[in-house]
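Read-outs: derived from the displayed coordinates by stated rules, not from any lab. Everything numeric in this text was worked out from a predicted model, so none of it was measured. With ideal geometry, Cβ positions are generated from the backbone for all residues, glycine too; neighbour counts draw on all protein chains shown.
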Amino acid sequence: MDLSAGDSHVGSREPSLSFLPKEVLASARPEVPGGPGDVSCEVLIIGAGVAGLTAAHELLKRDPNINVCVIEANDRVGGRTLATQMRVRDGATDTFDLGGQWVAHAQKEIMETLSELGLEVYPDNMQGAAQVQLSGPRVRRIGSLPSIGSWWGVVQLARLYRKINSLAEQCAPGSSSRERVERELNSFTLEAYARQYLSEGPVLELVTTLCRTELGCEASRVGLVEFLSETQSAGGLSGTMGAQELKVKGGTQQISELLADRIGRHRLYLHHPVTGITERQDGGISVTTAAGNLFHCQRVICAIPVVQLPWIRFDPPLSPPKREIIRSANTGHLIKFIVTFEQAFWRESGLSGATISSGGGQPEGPVSAVVDATTYKGSPALVGFISGRFSLHWQSRTKEERENAVIAHLVAFFGQDVNHYIEYQEKVWSEERYGGGAPGCSFGPGLTSLMPELTKPHGSVSFCGADIASKWPGYMCGAVITGRLRALETLYALRPGALSPTDLERIGKRRPARCRPVPGSTLMWDSTLGLAIRPFVVLFLVMLQRRFLGGGIAAFGVDF
């Protein structure tokens, strides 16, 4: 989570003045003193999660002399990634993820970051049968498709699967069908649309439970078009289902810790929740924190959860469309728990550990999903989620009550061996003061036309984060993608000579006239010799295409 934040009323959690008209703010507009405690920099990044620290790292990689500061509301870096130490077998301890933890080979950008930081991955355990608990307390193994209900339910589910994938393809950027699909389906929620295809109770429960676990909210609150766009950006339903492929050795919070080391800890300011962002008449920006500190800069990259933006006072105020889409964001509700054991007894029973439950006949669950969390060191564990409305019910209970309820539910899945667990830990993400819930935010129906507002800059303030990524939204990969893009766009405004032709192409820009590359950078090759030989390279590729490929390179299915 990009836990930075902006709580302009730290104690009361009342909305800030950022949504008031400009004329109301005018009389309260703060002066900009040059006090001894002020900090000045060129670029200020709000949020020390994966997105914010990626942006800082990208800026400094291209120009080590740029003055960058990162401010963070919490007392740690990492955002929605959080590592914890737990007792495991043989009296040892091991590291587990209480936040985001999965990556996949298909997520190119996060895999590049892991490689650059020297972090290794290992495969998630998928060996063995999965289990479902739908329409009552009975737990079924998925050894064959009819075990999720009936043959007719399976047929209905297959039809819905194909339809969702087809519609998702039509929602791709540049698709000629996109406008029609958005117009016809803009008023649907995911649940309302699914009900048109699913009459079998268990299958409908499976779809709504998967949504509850993936997004932290009910399918009745998720707009269909938004869901289709997110599905398309991940390569279809198979892509989203394959996103839980790999885990990071030692946990994913290392990503932010190592990035913080790379940029320099002296650039990082913890315990600095943002209360206001003011664009001054001289073209600069002043950012105020709850402690009264002032940061003066030329550009701001805001890398915080969308649902945290209303707690920041923007002057001038955000545009009405931007305010409206921000107000409409649904906070995800998720409690993640981990239970460690002496043995992975479920594997001995032929189970993978993967289990989906619609509550076991109980309206409050608690468990929505469970998977094997055994580490690369071989420490047996199960990780699970209390999601959506289950989370809303259980977060008001005590930790002891939740622990007892979770263990009882796990016994229904895996038997009495569960009672001999070593340690239980959990993270109630809705209680994270500056986190905005987890695993992210979602949007209801009817908001399609406003979605582009999330990524539009506000003056010299730009926005990034997994919540607003156009590719792999809600994943660490989406955070990396947006962090990189905002860094390049910011450099284009301040140091266009620090960008390579490839960088410029990524943000749809050209190098301004009389703009020289940063001395000492590899861009000197790109801008001189590279440009000189480019026509010959292009000619060679065209000849190669005509001679050997015939119809062109599209036959290889390359997707840039």
Task: Integer Hz, Karplus 6.51/-1.76/1.60 couplings in order for the stretch 426-443, x for Gly and Pro - done: 8, 9, 8, 5, 5, 8, 5, 4, 10, x, x, x, 7, x, x, 10, 9, 10
Task: Residues 464, 41, 302, 297, sorted so that the one with the fewest Cβ neighbours within 10 Å comes first - done: 41, 297, 302, 464
Open item on the list: What's the whole-number percent of alpha carbon pairs in the stretch 215-294 lying beyond 21 angstrom?
Closed with: 64
Task: Placed amide H near residue 100: partners under 5 Å, 5+ positions off or other chain - done: 81, 82
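Using 0.36 nm times the number of residues separating residue 397 and residue 126, minus their current alpha carbon distance, what extension gain do you get?
That pair, residue 397 and residue 126, stretches by 94.3 nm at full extension.
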Task: Sequence of 315, 75 once ranked by neighbouring C-beta atoms within 10 Å, starting from the fewest - done: 75, 315
Task: Hits among aspartates and glutamates - C-alpha to C-alpha of residue 247 under 18 Å, sequence gap 8 or more where chains match - done: 94, 97, 109, 112, 116, 120, 124, 214, 257, 372
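If packing is taken as the mean number of other Cβ atoms within 10 Å per residue, what is the order of 318-327, 77-86, 116-125, highest first?
77-86, 318-327, 116-125
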- [ ] Determine the gain in length on full extension of the stretch residue 67-residue 192; use 0.36 nm per residue of separation and subtract their C-alpha separation, reporting nm with one decimal.
- [x] 40.0 nm
- [ ] Report, by chain and number, residues whose modeled amide H sits under 5 Å from the one on residue 121, excluding near sequence neighbours (fewer than 5 apart, same chain).
- [x] 249
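Which FRET efficiency value, to the nearest 0.05, do you get for residue 87 and residue 249 by plugging their Cβ-Cβ distance into 1/(1 + (r/R0)^6) with R0 = 22 Å? Walk me through the numbers on the way to the answer.
On the way: r = 19 Å, r/R0 = 0.88.
For R0 = 22 Å, the calculated efficiency reads 0.70.
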TODO: Could you compute the FRET efficiency for residue 319 and residue 502, with r as their C-beta to C-beta distance and R0 at 25 Å, rounded to 0.05?
DONE: 0.20
TODO: Name the residues whose placed amide hydrogens come within less than 5 Å of the amide hydrogen of residue 40, ignoring near sequence neighbours (fewer than 5 apart) on the same chain.
DONE: 296
Task: Extended-chain gain in nm, criterion 0.36 nm per residue less alpha-carbon gap, residue 38 and residue 404 - done: 126.8 nm
- [ ] Quantify how much of the Cα-Cα distance distribution of the stretch 403-456 extends past 16 Å, in percent.
- [x] 65
TODO: Using label points projected 7 Å from each Cα along Cα→Cβ, tell me how many nm separate residue 455 and residue 349, to one decimal.
DONE: 4.5
TODO: Beyond 22 Å between alpha-carbons counts as too far, so tell me which of 61/377; 336/399; 249/427; 163/322; 471/509; 336/471 fall in that bin.
DONE: 61/377; 163/322; 336/471
